[in-house]
1. Which condition does L79 not pass, out of (1) more than 22 Å from T216 (Cα to Cα); (2) open to solvent by less than 20 Å² (accessible area, probe 1.4 Å); (3) assigned to a loop (DSSP other than H, G, I, E, B), if it passes all the others?
2. Against the definition (among the small types (G, A, S), buried (at least 22 other Cβ atoms within 10 Å of the Cβ) and in contact (Cβ under 8 Å) with a residue 12 or more places away in the chain), how does A120 come out, yes or no?
3. With respect to A179, determine if the residue is touching a Leu at 6+ places or on another chain (Cβ under 8 Å) and outside any loop (DSSP other than H, G, I, E, B).
4. Given the residues V160, V183, which is the only one that is among the β-branched types (V, I, T) and open to solvent by 10 Å² or more (accessible area, probe 1.4 Å)?
5. Surrounded by 21 or more Cβ atoms within 10 Å (Cβ to Cβ) and of a type in the set (D, E): which single residue out of D9, D37 fits that description?
6. Counting just the residues of the range 12-34 that are in a loop (DSSP other than H, G, I, E, B) and in contact (Cβ under 8 Å) with a residue 40 or more places away in the chain, which one comes out most open to solvent (accessible area, probe 1.4 Å)?
Amino acid sequence: MLCKGFLFDLDGTLVDSLPVVERSWQFWAESYGVDPDAVLEFIHGKQAITTLRHFMPGKSEAEIQAEFLRLEHIESTDLEGIRALPGAVELLEHLEANAIPWAIVTSGSIPVAHARHRAAGLPTPKVFVTAEQVKHGKPRPDAYLLGAELLGLPPQMCLVVEDAQAGIQSGIAAGCLVAAVNVPPETPELLEVDFVLSTLAALRVEKLPDNQVNVTQNA
């Protein structure tokens, strides 16, 4: 497969933050009086504010924003167990060394995303799209369209790398190529993606003389 750049989700794709995410949201759900299991099933790949609006029907925007700030503080300060996922650092360093454009495109807010990025020890991208920069979060295409625009590339020449159904839907809606990593096999969108990976270490990336990038997958 040929592309010219990469758009990476953060949580669950580059960074193992699942224990922190689930701790934070379970604490919020229990303290607010919402079913934690329902919250944990809903959250993945979505902006925090989307989840809060879903589970706080009838509340004012001011009340929702207050809960968002409380949750954001919890998520950005609990970094225990945050680590880079297998193959993530090596892949990003390879892209950097070969001047291959890449970006992080996350549903997280600036405090949460940057804290987790630093804690995992990942290389720093020139383009880092967070929730504050888009009107509509994943699964809408806004975030990945913005990521491609900021890289100066057409969406169809960008490979989105995602672990969550909402993110896969976002990449497909943006018209990007999509690689799904560590996604449940029953996810319907797997029939529409270009690669299905169990780990980022399975990707092989080669820059060609015309600046296109050949992407292959280990058998």
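The values are calculated or read from the model by the stated rules, or taken from the named source; none is laboratory data. Predicted, not measured: the structure shown is a model, and the values here were computed from it. When we count neighbours, we look across all protein chains shown, and the Cβ atoms used for this are built from the backbone with ideal geometry, even at glycine. Heads up: the accessible areas ignore ligands, DNA and RNA and are worked out on the full protein's heavy atoms, side chains in. Shrake-Rupley method; radii C 1.70, N 1.55, O 1.52, S 1.80 Å.
1. It is condition (2) that L79 fails.
2. Against the criterion (among the small types (G, A, S), buried (at least 22 other Cβ atoms within 10 Å of the Cβ) and in contact (Cβ under 8 Å) with a residue 12 or more places away in the chain), A120 does not qualify.
3. When the stated conditions are applied, A179 passes them.
4. V183
5. When all the criteria are applied, what remains is D9.
6. G12
Quick grid of which residues meet (1) assigned to a strand (DSSP E or B); (2) of a type outside the set (A, V, I, L, M); (3) buried (at least 19 other Cβ atoms within 10 Å of the Cβ):
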site: A62; (1), (2), (3): no, no, no
site: A99; (1), (2), (3): no, no, no
site: G108; (1), (2), (3): no, yes, yes
site: A113; (1), (2), (3): no, no, yes
site: P125; (1), (2), (3): no, yes, yes
site: F128; (1), (2), (3): yes, yes, no
site: A143; (1), (2), (3): no, no, yes
site: E149; (1), (2), (3): no, yes, no
